[in-house]
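Just so it is clear, none of the values below were taken in a lab; they were calculated from the coordinates. Remember, it's a predicted structure, so these values are computed and weren't measured experimentally. Heads up, the Cβs are rebuilt from the backbone with ideal geometry, glycines too, and the neighbour counts pull from every protein chain shown.
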Amino acid sequence: MSHLETVSPPQIRTADVADAAELARLSAQLGYPCQPIAMRQRLERLAARPDHAVFVASVEERAPLAGWVHVGAGLWLESGECAEILGLVVDAAMRRGGLGRRLIGAAEQWSRAAGFERIVVRSNAVRPEAHTFYPSLEYTLEKTQRVYGKALTP
Ligand SMILES: CC(C)(COP(=O)(O)OP(=O)(O)OC[C@H]1O[C@@H](n2cnc3c(N)ncnc32)[C@H](O)[C@@H]1OP(=O)(O)O)[C@@H](O)C(=O)NCCC(=O)NCCS
């Protein structure tokens, strides 16, 4: 039996700093490798912000995580505020079992409880499964974007 196989379904719970290494492992699957210490520092900062939440799918306490979702408040001068899914990943060994749907469910529940009437997600065009996944959860494609970045030198 692999370390991710289980007889009981994963539970969705709020992340805590002890999850940092597992969140970092799954973040690498999302294309964003990071050190556990850096993930821990981000989690600590997010935990202090009531307008953000991180939920994990946990097979058993302190076992490898099966997935995570980060949701937070977005506020735009031109269009107001809504909830935004800022990151989502399900372990490659656990996909197509309904966990992504459950994690999004947790993010939506948090968003409703926080008073948001709308939720959005920006998803990289190179993620084919995501572009089937979100429409299957009744998210409609509203626009496509290009993301520009620039290093800020002192
Ligand atoms: C996208 C992702 C989170 C989906 O998680 P998941 O647990 O596999 O999704 P679910 O099992 O809950 O799927 C729900 C529905 O989405 C659709 N779906 C999900 N993955 C799919 C795939 N690879 N191909 C086709 N449809 C898919 C299906 O309709 C599925 O329902 P069904 O299994 O009853 O047919 C997961 O594939 C993942 O982590 N991908 C890499 C990271 C990523 O793209 N994250 C999103 C960033 S915005």
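Some points to look at:
- Residue match in segment 122-129 (condition: within 13 Å of the ligand (Cβ to nearest atom), in a helix (DSSP H, G or I) and either under 18 Å from the mean Cα position of the chain (by Cα) or surrounded by 10 or more Cβ atoms within 10 Å (Cβ to Cβ) (or both)): no
- In segment 130-154, the residues that are assigned to a loop (DSSP other than H, G, I, E, B) and closer than 19 Å to Gly105 by Cβ: Leu137, Glu138, Tyr139, Thr140
- Test: residue in segment 10-17 that is among the β-branched types (Val, Ile, Thr), touching a Phe, Trp or Tyr at 6+ places or on another chain (Cβ under 9 Å) and more than 22 Å from Ala130 (Cβ to Cβ): yes
- Unmet criterion (only one of (1) more than 16 Å from the ligand (Cβ to nearest atom); (2) under 19 Å from Ala20 (Cα atoms); (3) surrounded by 12 or more Cβ atoms within 10 Å (Cβ to Cβ)) for Glu61: (3)
- Strands (runs of 3 or more DSSP E) (entirely within segment 1-114) containing at least 2 residues that are out of contact with any Leu (no Cβ under 8 Å at 6 or more places or on another chain): 11-14, 65-76, 80-90
- Residue in segment 68-78 that is among the acidic types (Asp, Glu) and within 12 Å of the ligand (Cβ to nearest atom) present: no
- Selected residue (criterion: farthest from the ligand (Cβ to nearest atom)) from residues of segment 79-110 that are basic (Lys, Arg) and surrounded by 14 or more Cβ atoms within 10 Å (Cβ to Cβ): Arg102
- Contacts under 6 angstrom Cβ, first residue in segment 118-139 being within 19 Å of Gly74 (Cβ to Cβ), partner hydrophobic (A, V, I, L, M, F, W, C) and near the ligand (Cβ under 6 Å from one of its atoms), 6 or more apart: Ser123/Ala130
- Gly80 over 13 Å from the mean Cα position of the chain (by Cα), without any contact (Cβ under 8 Å) to a residue 60 or more places away in the chain and over 23 Å from Gln11 (Cα atoms): yes
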